[in-house]
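All of the numbers you see were taken from the coordinates with simple rules; none came from a lab. Bear in mind that the values here come from a model prediction, so they are computed numbers and not experimental data. Because the Cβ atoms are built from the backbone with ideal geometry, glycine has one as well, and the counts that use them run over all protein chains shown.
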Amino acid sequence: MQLQEIINAYEKDLAVVESFLEQGRESYVDLIPEISRHIIMSGGKRIRPLLIMISADLFGYHGENRYPLAAAIEFIHTASLLHDDVIDHASMRRGKAAANQLWGNAASVLVGDYLYAMAFKFLTASNNQAVQELVSVATATMVEGETLQLIKSGDVNITEEDYLSIVEKKTAILMATACALGPVLAGEPSSSVDMMTDFGMKLGITFQLTDDTLDYVGVEEDFGKTIGMDVREGKMTLPLIWSLQNSPSSRADRIRRIVAAKSADDGDVEEVAGFIRDTGGIEYALEKAGSFVAEAKELIADIPPSFPRDAMVVLSDHVLSRTI
Ligand code: FPP
Ligand code: MG
């Protein structure tokens, strides 16, 4: 099965989600739909709505509620990116100038707030308290993750464990929630909800791990974001954490000083990237990502074969091998 086959199979569902995304960003204040359109229509992969459609299908839920819920999750994701790009002083997102560069920080934060509020409007439409609680807690967790990351910014002593804990909270929890929504909507027992939460968590960690390697070795035109942003922001990710812990202290100390200063120029970024390449940090992070995907696939291996189960497997492999 190819990724395109999966997208084709859920094309009609995703088109309905798209109409909610369109309707939800409307406002008489023109700047709101203008900025919203800029980020929402910039080639986002709609991975989370797709996960919700597949997960619902996997557990036999085909009710209408899945559409506004998928739009809610995509809006929470979009709002978090608008805010994150302000926090990270980003210049590019999805191959275009980031909203904060075009309209400034204040407008970006406010439009993020709008989409975030509309997400909760869509969420109430579900009339399902379990769903509302799941999504609210996930959003609060994302803020915790992003705040933990902020506290650790420039801290060159962070461990792999600290890093994974941040990644679970800031990124993986929303994918875990998307995957859990299927069994929750279908009224499945908690064992199924837990299984899909774990599956989505591992998929989400893989997603961030590949993102963090692409920040060093990606091709800017494909990746759609400036390469080397993490070092500039003093953000320690797994390739760097591992390389620092596994190389002679003389070279590592110099790299630590660059990262801690949070003012790396192009030359510094190249030096850190070269250091990671030479010392195997990329291979280590990708191996780790591979083992998370293997664990994710193992979790759903006992589900009887079906199109949605196989689609989850194909999507997992895609998250691991992506370059964009
Ligand atoms: C991107 O990470 C950002 C996130 C995964 C989550 C950001 C979360 C918040 C700002 C808090 C939640 C806010 C709302 C409104 C729900 P990254 O910087 O590692 O990736 P990037 O390279 O794509 O920027
Ligand atoms: Mg960022």
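Sorted from fewest to most neighbouring beta carbons within 10 Å, what does the list Glu160, Glu74 look like?
Glu160, Glu74
From the Cα gyration tensor of the chain, with a ≥ b ≥ c the square roots of its eigenvalues, which class applies: rounded if a/c is under 1.5, or else prolate if a/b is larger than b/c, or else oblate?
It is oblate, given that a/c is not under 1.5 and a/b is not larger than b/c.
Give, rounded to the nearest 20 debye, the magnitude of the charge dipole that the chain has about its Cα centre when Lys and Arg contribute +1 at Cβ and Asp and Glu contribute -1 at Cβ.
300
Is there a pair in Lys45/Lys202; Lys45/Lys169; Lys12/Lys96; Lys45/Lys225; Lys96/Lys288 whose C-alpha atoms are over 23 Å apart, and which pairs would that be?
In this structure, Lys12/Lys96; Lys96/Lys288 exceed 23 Å between Cα atoms.
How do Trp103, Trp242 line up, fewest other C-beta atoms within 10 Å first?
Ascending number of Cβ neighbours within 10 Å: Trp103, Trp242.
Name the residue from Gly290, Tyr28, Ile303 whose Cα lies farthest towards the positive end of the charge dipole of the chain, charges +1 on Cβ of Lys and Arg and -1 on Cβ of Asp and Glu.
Result: Tyr28.
How do Asp222, Asp211 rank when sorted from fewest to most other Cβ atoms within 10 Å of their own Cβ?
Ranked by crowding around the Cβ, least crowded first: Asp222, Asp211.
Helix-only estimate, please: 222 nm mean residue ellipticity of the chain, summing -39500 (n - 2.57) across DSSP H runs of length 4 or more and dividing by its residues, to the nearest 500.
Only helices count here, giving -23500 deg cm²/dmol.
I'd like to know which of Gly280, Trp242, Gly224 lies farthest towards the positive end of the charge dipole of region 223-290, counting +1 on Cβ of Lys and Arg and -1 on Cβ of Asp and Glu.
Trp242
Please sort through the DSSP H helices of the chain and keep those with an alpha-carbon extent of at least 30 Å along the long axis and a Kyte-Doolittle average not below -1.0.
TM-like helix candidates: 66-87, 105-125, 129-151, 190-217.
Under 5 Å between amide H atoms, partner at least 5 residues away or on a different chain: which partners does Ser153 have, H built in plane at 1.01 Å?
Amide H to amide H, under 5 Å and 5 or more residues apart or across chains, Ser153 pairs with nothing.
Local charge sum around Met236 (other residues, Cβ-Cβ under 9 Å, Lys/Arg +1, Asp/Glu -1)?
Net of charged neighbours comes to -1.
I need the calculated FRET efficiency for the pair Ser19 and Arg277, taking r as the beta carbon distance and R₀ as 51 Å, to the nearest 0.05.
In this case the efficiency is close to 0.70.
Within 9 Å, Cβ to Cβ, of Gly43, how many net charges do the neighbouring residues add up to if Lys/Arg are +1 and Asp/Glu are -1?
Taking every other residue near Gly43 into account, the sum is +3.
Only four residue types carry charge here, +1 at the Cβ of Lys and Arg and -1 at the Cβ of Asp and Glu. Report the dipole size of region 102-206 about the Cα centre in Debye, rounded to the nearest 20.
Dipole size: approximately 360 debye.
Would you mind calculating the relative contact order of region 9-158 from Cα pairs under 8 angstrom and at least 6 residues apart, reporting the percent as a whole number?
24
Using the Cα gyration tensor of region 133-226, with a ≥ b ≥ c the square roots of its eigenvalues, what is the shape: rounded (a/c below 1.5), prolate (a/b larger than b/c) or oblate (neither)?
prolate
Rg and Dmax of region 276-324, Cα atoms, in Å?
Looking at region 276-324, its Cα Rg and Dmax stand at 13.4, 44 Å.
Determine the gain in length on full extension of the stretch Asp30-Asn8; use 0.36 nm per residue of separation and subtract their C-alpha separation, reporting nm with one decimal.
Difference between extended and current length: 4.6 nm.
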